[in-house]
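Asks: Right, I'll just put the structure down here and ask away after.
The values are calculated or read from the model by the stated rules, or taken from the named source; none is laboratory data. Computed from a predicted structure; not experimentally measured. Here the Cβ positions follow ideal geometry from the backbone for every residue, glycine too, while neighbour counts run over all protein chains shown.
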Amino acid sequence: MTVVVLLAACVVVAPASASNWLQLGLVDTTEAIGNTPRFSQTLQTLRPQIVRVNLFWGGVLGVARERPDNGTNPEDKAYEWDRYDAAVMAASARGVRVVFTIFGTPWWANGGEPQNKAPQNMKRLREFAYAAAFRYSGRYRRPDGVILPRVSLWTAWNEPNLPLGLKPQWRRINGRWVIQSARDYARICNAIYEGVHLTLLRGQKVACGVTAARGNNAPATKRPSTSPIGFLRAAKAAGMRNFDAYAHHPYAGDPKYRPAAKPRNPRAITFANIGKLIDEVTILYGEKPIWITEYGYETSPPDRIFGVSWDRQASYMHEAYTMARRNPRIDMLLWFLVRDEGRAIGWQSGLVSAGGLRKPSFFKFQRLAEGVRRHQLSVLKKNPMFERNSFIRNILEDSQSRVSMRDWIALAPHLGGA
């Protein structure tokens, strides 16, 4: 059946094999935990379905900057959750689900190394994942009486095929180069997946991979990295057992390349050739959902080298959304960022400039998000039992907000019998 999605003045026609339940959202940890009131107002205006936030285990913003006595206990005195509680409550109040990315090793867990060095004992990471999932179960009451909203979507680490995510990327063993980052990551994925699912909470989903679009596979260079498919194969060989979805960041990497343009580097995985990655995931793990947990284009101004025009950014956003919408395996698309970073060497892919000016992509995202809601309503009207149970759980458990309850009231007549 062909589904027609009305997006403001334009009409997007999706083929019968298209994703019926694509979730559209945003990524911006700095806004979420650095300026929560402004972040909340932005969510109210844009109304994404999802927002992704890094939940730092270690580092300056880490929950566990000191070693806990009982890592599975979210009330351990070493844990500092306040900034993340505030972000989750702000999102919930606007009817937006949170994807938490567990990232960053504390100094005490890797022998005093930087946070992109893997833990020495994965039991500590598994304990933290359990504590986080338990705290954000939707039933956890803080000592002050506040019941925290539910978080059921998680990703394990961030871009582990780059040195920014994990070091070392490669290691020479007995005269042969091996992808050390994939070996470490297999254990990281297993630990986070197990920790979250050990809570026995229904509906928890953990995505692994979270890979960057490209890697040089050049272990002897000053900044070695790993190609996405090579990393996936090596992680599988190293014992990465299971996950609920596979996440990837298919950036074009060059302002001259639109989302549909094939990359020059045959090892890169962008939107244009993401089918290669999907095929590899299917061969190794079956038909797992694919989450696009970062995508975007920087703009000029301010970035005169890597940026596209403000209008072109909005156009490319629409093109990327259409490509994701037409792919039945992709069920999440998140745009990076909400607001440009203020520093000159930072990312400038936001919907809002660092000075607060709304770019055309701000309004494009707003229209796309509204189109997603209208489409899902039309699907429920035509297929009353479609995802009924999971939809009800999402509405009633993931958020206690008035916005979500309004959605529930609007859609309830189309959900079929109890």
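Asks: Could you check the stretch 357-381 and list, in sequence order, the residues that are farther than 15 Å from Asp311 by Cβ and either assigned by TED's automatic domain parsing to the domain that holds Trp335 or not small (Gly, Ala, Ser) (or both)?
Replies: Here is the first cut: in the stretch 357-381, the residues farther than 15 Å from Asp311 by Cβ are 366, 368-381.
Gln366, Leu368, Glu370, Val372, Arg373, Arg374, His375, Gln376, Leu377, Val379, Leu380, Lys381, listed by residue number.
Asks: Name the residues in the stretch 62-80 that are out of contact with any strand residue (DSSP E or B) (no Cβ under 8 Å at 6 or more places or on another chain) and surrounded by 19 or more Cβ atoms within 10 Å (Cβ to Cβ), would you? It would help to see each step written out before you state the result.
Replies: In the first step, residues of the stretch 62-80 are kept if they are out of contact with any strand residue (DSSP E or B) (no Cβ under 8 Å at 6 or more places or on another chain); the result is 64-80.
Residues satisfying the conditions are Ala64, Pro68, Gly71, Pro74, Tyr79.
Asks: Let me ask something else about it. Name the one entry in Phe128, Phe134 that is among the aromatic types (Phe, Trp, Tyr) and either touching a Pro at 6+ places or on another chain (Cβ under 7 Å) or closer than 22 Å to Ile290 by Cα (or both). Lay out the reasoning, then the answer.
Replies: Details: Phe128 fails: either touching a Pro at 6+ places or on another chain (Cβ under 7 Å) or closer than 22 Å to Ile290 by Cα (or both).
Matching residue, one of Phe128, Phe134: Phe134.
Asks: Do you know which residues across the stretch 171-182 are surrounded by 18 or more Cβ atoms within 10 Å (Cβ to Cβ) and either outside the structural domain of Gln120 (by TED's automatic domain parsing) or of a type outside the set (A, V, I, L, M) (or both)? Explain how you work it out, then say what you get.
Replies: Step one: filter the stretch 171-182 for residues surrounded by 18 or more Cβ atoms within 10 Å (Cβ to Cβ), giving 179-182.
Gln180, Ser181 - these are the residues of the stretch 171-182 that are surrounded by 18 or more Cβ atoms within 10 Å (Cβ to Cβ) and either outside the structural domain of Gln120 (by TED's automatic domain parsing) or of a type outside the set (A, V, I, L, M) (or both).
Asks: How many residues, within the stretch 264-298, are in contact (Cβ under 8 Å) with a residue 12 or more places away in the chain and either polar (S, T, N, Q) or not assigned by TED's automatic domain parsing to the domain that holds Leu351 (or both)?
Replies: Of the residues in the stretch 264-298, 3 are in contact (Cβ under 8 Å) with a residue 12 or more places away in the chain and either polar (S, T, N, Q) or not assigned by TED's automatic domain parsing to the domain that holds Leu351 (or both).
Asks: Take the residues of the stretch 179-208 that are touching a helix residue (DSSP H, G or I) at 6+ places or on another chain (Cβ under 8 Å), without any contact (Cβ under 8 Å) to a residue 60 or more places away in the chain and hydrophobic (A, V, I, L, M, F, W, C): which is nearest to Ala218 (Cα to Cα)?
Replies: The residue in question is Ile179.
Asks: Okay, moving on. Here is a list: Ser315, Ser378, Ser349. Which entry is modelled with pLDDT of 95 or more and part of a helix (DSSP H, G or I)?
Replies: Values: Ser378 fails: modelled with pLDDT of 95 or more; Ser349 fails: part of a helix (DSSP H, G or I).
Of Ser315, Ser378, Ser349, the one residue that is modelled with pLDDT of 95 or more and part of a helix (DSSP H, G or I) is Ser315.
Asks: When the stretch 343-366 is examined, which residues are found to be charged (D, E, K, R) and either surrounded by 17 or more Cβ atoms within 10 Å (Cβ to Cβ) or within 17 Å of Phe39 (Cα to Cα) (or both)?
Replies: To start, the set of residues in the stretch 343-366 that are charged (D, E, K, R) comprises 343, 358-359, 364.
Listed by number, the residues that qualify are Arg358, Lys359, Lys364.
Asks: Based on what the data block shows, is Gln120 assigned by TED's automatic domain parsing to the domain that holds Leu55, surrounded by fewer than 22 Cβ atoms within 10 Å (Cβ to Cβ) and in a loop (DSSP other than H, G, I, E, B)? Full working, then the answer.
Replies: Values: assigned by TED's automatic domain parsing to the domain that holds Leu55: yes; surrounded by fewer than 22 Cβ atoms within 10 Å (Cβ to Cβ): yes; in a loop (DSSP other than H, G, I, E, B): yes.
When the stated conditions are applied, Gln120 passes them.
Asks: Further, regarding this structure: Output the residues belonging to the stretch 278-297 that are surrounded by fewer than 22 Cβ atoms within 10 Å (Cβ to Cβ) and closer than 25 Å to Thr101 by Cβ. Spell out the reasoning first.
Replies: Let us first name the residues in the stretch 278-297 that are surrounded by fewer than 22 Cβ atoms within 10 Å (Cβ to Cβ), namely 278-280, 282-289.
Correct list: Ile278, Glu280, Thr282, Leu284, Tyr285, Gly286, Glu287, Lys288, Pro289.
Asks: I would also like to ask the following. List the residue pairs whose Cβ atoms are under 6 Å apart, where the first residue sits in the stretch 331-354 and is farther than 23 Å from Ile290 by Cβ and among the polar types (S, T, N, Q), the second is at pLDDT 95 or above and crowded, with 24+ Cβ neighbours inside 10 Å, and the two are 6 or more positions apart or on different chains.
Replies: What qualifies is Gln348/Thr299; Gln348/Asp340; Ser353/Asp340.
Asks: Which one of the conditions (1) out of contact with any Asp or Glu (no Cβ under 9 Å at 6 or more places or on another chain); (2) farther than 12 Å from Arg214 by Cα; (3) assigned to a helix (DSSP H, G or I) does Lys262 fail to meet, given that it meets all the rest?
Replies: Going through the list (1) out of contact with any Asp or Glu (no Cβ under 9 Å at 6 or more places or on another chain); (2) farther than 12 Å from Arg214 by Cα; (3) assigned to a helix (DSSP H, G or I), Lys262 breaks only (3).
Asks: For residues in the stretch 14-33 being of a type in the set (Gly, Ala, Ser) and at pLDDT 95 or above, which is farthest from Lys364 (Cα to Cα)?
Replies: The initial filter retains those residues of the stretch 14-33 that are of a type in the set (Gly, Ala, Ser), namely 14, 16-19, 25, 32.
In the following step, the residues that additionally are at pLDDT 95 or above were identified as 25, 32.
Details: Gly25: 13, Ala32: 21 Å.
Once the filter is applied, the top-ranked residue is Ala32.
Asks: Given the conditions (1) modelled with pLDDT under 75; (2) among the aliphatic types (A, V, I, L, M); (3) more than 18 Å from Trp21 (Cα to Cα), which single one is not true for Ala344?
Replies: Looking at each condition in turn, Ala344 falls short on (1).
Asks: Have a look at Arg223, Arg183 and point out the one that is over 21 Å from the mean Cα position of the chain (by Cα), part of a loop (DSSP other than H, G, I, E, B) and modelled with pLDDT of 95 or more. Walk me through it before giving the result.
Replies: On the way: Arg183 fails: part of a loop (DSSP other than H, G, I, E, B).
Going through Arg223, Arg183 in turn, the sole match is Arg223.
Asks: Would you mind finding the one in Val206, Val98, Val210 that is on the phi > 0 side of the Ramachandran plot and buried (at least 18 other Cβ atoms within 10 Å of the Cβ)? Give the steps one after another, and end with the answer.
Replies: Working: Val206 fails: on the phi > 0 side of the Ramachandran plot; Val98 fails: on the phi > 0 side of the Ramachandran plot.
Result: Val210 is the single residue among Val206, Val98, Val210 that is on the phi > 0 side of the Ramachandran plot and buried (at least 18 other Cβ atoms within 10 Å of the Cβ).
Asks: For Lys256, are the conditions met, namely being assigned by TED's automatic domain parsing to the domain that holds Gly138, free of Cβ contacts under 8 Å to residues at least 24 places away in the same chain, assigned to a loop (DSSP other than H, G, I, E, B) and within 30 Å of Ser309 (Cβ to Cβ)?
Replies: Working: assigned by TED's automatic domain parsing to the domain that holds Gly138: yes; free of Cβ contacts under 8 Å to residues at least 24 places away in the same chain: yes; assigned to a loop (DSSP other than H, G, I, E, B): yes; within 30 Å of Ser309 (Cβ to Cβ): yes.
In short, yes.
Asks: Of the conditions (1) of a type outside the set (A, V, I, L, M); (2) in contact with a helix residue (DSSP H, G or I) (Cβ under 8 Å, 6 or more places away or on another chain); (3) over 26 Å from Gly307 (Cβ atoms), Gly286 clears all except one; give me its number.
Replies: For Gly286, the failing item is (2).
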